[in-house]
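Remarks on the structure that follows.
Each value in this text was obtained by applying a stated rule to the coordinates, not by laboratory testing. Keep in mind it's a predicted model, so treat the numbers as computed, not measured. Every residue, glycine as well, gets a Cβ built from its backbone with ideal geometry; the counts of neighbours run over all protein chains shown.
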Amino acid sequence: ASISSVAYGNGVSVAVGNNSGIYRLTSTTAASPLIGFTAVDLGDRYIKLSWQNVSAQPAGFILQYRLVGATAWVTFGNILPASLNSATVTGLMPSSSYEFRIMSIEPGKTSGYQALPTPLPVTIKPIQEWRRTYFGSQENTGDGADTNDYDHEGIPNLLEYAFDTDPLLANAYP
């Protein structure tokens, strides 16, 4: 079975399946827990989360995240299909730390949330920070592209970065 939506309230969760089945999810009956819940910082505001499902009757997953210190959790997508074993969360703020948790869903059961043991910081590469400082974006495109010469003095941005010169002002060769 696959789940298309979930509603929460009064300590009870109700999930609606794509095949019109309705599942009542409570914490009194536990679904099989996930194993190997891990995260990898891919840089540039992306975190890849992975897990292994050991359930005999998987219906899906609920993946949530929040900034450290925030009270509200953000649900990633809706209900993730049971066939997934990873997801990439995008659009995270650089130089911030996030908490992640995931719940396994089976017909009539949930596993309860399993959290990563420690918050995961989102890193930004030094060249991305440099681009953001000078060009307002950390992306390697437009004025901030590595091969662009914004100030038209013959030194592309990548060399301006390497020699720590100002890419907005024409410089003498270092």
*Provide the packing ranking of 106-112, 33-39, i.e. peptides ordered by the mean count of other C-beta atoms within 10 Å per residue, highest first.*
106-112, 33-39
*What distance in nm separates the simple spin-label points at ASP146 and SER55, each placed 7 Å from Cα in the Cβ direction?*
4.3 nm
*Looking at PHE135, GLY154, ALA87, which one has the Cα that reaches farthest to the positive end of the dipole of region 28-157 (charges on Cβ: Lys, Arg +1; Asp, Glu -1)?*
ALA87
_Give me, ordered by chain and number, the residues 5 or more places off ASN140 or on other chains with an amide H under 5 Å from its own placed amide H._
none
*At LEU42 and ALA170, where each label point lies 7 Å from the Cα along Cα→Cβ, what is the point-to-point distance in nanometres?*
4.2 nm
*Between beta-carbons, use under 12 Å as the cut-off and find the net charge around GLU153, counting Lys and Arg +1, Asp and Glu -1.*
-4
*What length, rounded to one decimal in nm, is gained on full extension from GLU153 through to THR75, with 0.36 nm per residue of separation minus their alpha-carbon distance?*
23.3 nm
